[in-house]
1. Can you sort A:10, A:29 so the residue with the fewest Cβ neighbours within 10 Å comes first?
2. So how long is each side of region B:1-58 along the principal axes, counting just the alpha-carbon atoms, biggest first, in Å?
3. For a quick size check, give me the Cα extents of the protein assembly as shown along its three principal axes, largest first, whole Å.
4. Could you pull out the pairs from B:42/B:108; A:68/B:105; A:78/B:105; A:24/B:42; B:42/B:105 whose alpha carbons sit more than 20 Å apart here?
5. Roughly what % antiparallel, to the nearest 5, for the DSSP beta bridges in the protein assembly as shown?
6. Note down the nm distance, to one decimal, between modelled labels 7 Å out along Cα→Cβ at residue B:12 and at residue A:56.
7. Arranged by the count of other C-beta atoms within 10 angstrom, fewest first, what order do B:88, B:76 take?
8. State to the nearest 20 debye the size of the charge dipole of chain B about its Cα centre, where the only charges are +1 on K and R beta carbons and -1 on D and E beta carbons.
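Readers should treat all values here as calculations from the given coordinates under stated rules, not as data from a laboratory. Being a predicted model, the structure only gives us computed values, none of them experimental. Cβ atoms come from the backbone with ideal geometry, glycine included; neighbour counts cover every protein chain shown.
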Amino acid sequence: DAGVIQSPRHEVTEMGQEVTLRCKPISGHNSLFWYRQTMMRGLELLIYFNNNVPIDDSGMPEDRFSAKMPNASFSTLKIQPSEPRDSAVYFCASRPEGITEAFFGQGTRLTVV
Amino acid sequence: KQEVTQIPAALSVPEGENLVLNCSFTDSAIYNLQWFRQDPGKGLTSLLLIQSSQREQTSGRLNASLDKSSGRSTLYIAASQPGDSATYLCAAGPGAGSYQLTFGKGTKLSVIP
């Protein structure tokens, strides 16, 4: 298995633009997480999906952030409009039913200028 | 709310030295404690996962221990090598009814040849 796949690996965008980050979880995993990592705050959970359904989005910082999981093999995290303070590394992670070990993708480094 | 602290934030040791990384957590009602390694510009790689019923786990030169009552975990690295240089993060795993991994901010380890 190729592991959790995220794209793009790097994204540079101008303030106000829409940004879409993509994630393909490991096949067979039914839980998916989006995390954000910054120097100041470390890794923070943004949203958690179980069986494609958003269970907890309390970590989504504001309405500019939205996430979808249309099927078991794909999820997106969208920021519209983007702001410089959104600059961070965004990680996607997945895990199978009944297993607590999480498997992380390599992350998307987002820079908003 | 669970809080995870890792001290020190950075550590530099000469090659060959044995070392201990520390992790403390405020809520002892955890299901597991997971240690990750993060290389610059890369994702997180799971190193060891200790279930709450266990005291320690070993993998090669790595040994992780867990003391729930004191809210502490340690990662012991034997005979350190330059290739061990990375940031090490610990994460408190889901407690009963929860699912969120709570991460520390990590310890950046440099092993000097």
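1. Details: A:10 11, A:29 19.
So the residues, fewest neighbours to most, are A:10, A:29.
2. Result for region B:1-58: principal-axis Cα extents of 36, 24, 21 Å.
3. Principal extents (Cα only, largest first): 48, 39, 34 Å.
4. Violating the 20 Å Cα-Cα cut-off are A:68/B:105; A:78/B:105.
5. 90
6. Those two pseudo-labels are separated by 3.9 nm.
7. Sorted ascending by nearby Cβ count, the order is B:76, B:88.
8. Numbers: 9 positive and 8 negative charges, 40 e Å.
Using Cβ point charges on Lys, Arg, Asp and Glu, chain B gives about 180 debye.
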